[in-house]
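Notes to accompany the following structure.
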Amino acid sequence: MTLGPLRLEIKRWLTARSERVKSVDLHSTEPWMLVSLYNGTVMVWNHDTQLKVKTFEVCDLPVRVAKFVARKHWIIAGADDMFVRVFNYNTLEKVNMFEAHSDYIRCILVHPTQPYILSSSDDMLIKLWDWERKWLCSQVFEGHTHYVMQIVINPKDNNQFASASLDRTIKVWQLGSRTPNFTLEGHEKGVNCVDYYSGGDNFL
C-alpha cells in the first residue's frame, strides 16, 4: 500500500515580518501562540485577533525553543548561548537564568504534572531540571552520540519520554534511570522529530 501526502486544511494565516521562526508553542487556555526567533526574540501572538501581545528580548543569538508553563505563568526559552531563561509572561520579569548545556539547546519539554523541565542539546545530553529545588539539575541522560533534536513525554506514562537524535536513533527513557529502556534503530539519516500516538497502544 502506498500512502499519499497528508493534506491539511489551513484554518487561519498569521503573517508578520520576522526573522526565521525556530519554534512554536500554544497556550493551554489562552488564544496565544509563542514564537521563538533566530534573532534572539520571543513573541506572543493572539491567534484569534492575529495581534502581537508581548515581546521578550532574550539574547543576541538564536532562540531555538520556547515553551509556556501555564500553571506558573512562565515562558521558558533555550538559546544558542547555552542558557535557559525563565520569564513571567504577565509582568515580563525575568524569573531565572542559568547555563544548562555546553552547546546549543535544541528542545525543552515541560512535565505535565511535576515541577520539571527536560532539555536536550547539541552536547548529546538530556537534562532534568527541578524548579522547586532552585532549578537543580537532578538527572542527566547520556547515550546519544550526536545532537539530541527533540524529546517528548509519553501521554500514557508521564515518567517515560522519547528522544530523537541525529545519531539515527530514537531512545525511550524512564525518569530515575540513567540508561534508556530501549533504542529504536533503522533510520538511514538523523532523526529530527518524534511523537507518541495518543490513541490505542503506545506507538512512536
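Quick look at the values:
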item: Positions within segment 70-85 being more than 23 Å from SER28 (Cβ to Cβ) and either charged (D, E, K, R) or part of a loop (DSSP other than H, G, I, E, B) (or both), in sequence order; result: ASP80, ASP81, MET82
item: All positions within segment 113-157 that are more than 25 Å from PHE87 (Cα to Cα) and either in contact (Cβ under 8 Å) with a residue 60 or more places away in the chain or aliphatic (A, V, I, L, M) (or both); result: MET124
item: Residues that are out of contact with any helix residue (DSSP H, G or I) (no Cβ under 9 Å at 6 or more places or on another chain) and farther than 20 Å from GLU30 by Cβ, drawn from segment 86-100; result: LYS94, MET97, PHE98, GLU99, ALA100
item: The listed residue being farther than 27 Å from SER198 by Cα, modelled with pLDDT of 95 or more and not hydrophobic (A, V, I, L, M, F, W, C), out of GLU57, GLU99; result: GLU99
item: Strands (runs of 3 or more DSSP E) fully within segment 86-184 counting 3 or more residues that are among the aliphatic types (A, V, I, L, M); result: 105-110, 148-154
item: Filter result for SER165 (in contact (Cβ under 8 Å) with a residue 12 or more places away in the chain and within 17 Å of LEU118 (Cα to Cα)); result: yes
item: Selection count where residues are surrounded by fewer than 19 Cβ atoms within 10 Å (Cβ to Cβ) and of a type in the set (Gly, Ala, Ser), scope segment 29-77; result: 1
item: Enumeration of residues in segment 82-103 that are touching a residue at least 12 places away in the same chain (Cβ under 8 Å), surrounded by fewer than 19 Cβ atoms within 10 Å (Cβ to Cβ) and on the phi < 0 side of the Ramachandran plot; result: PHE83, ASN88, ASN90, VAL95, ASN96, MET97, PHE98, GLU99, SER102, ASP103
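The values are calculated or read from the model by the stated rules, or taken from the named source; none is laboratory data. Just so it is clear, the model here is predicted, and its values are computed rather than measured. Here Cβ is always computed from backbone atoms with ideal geometry, including for glycine, and neighbour counts include all displayed protein chains.
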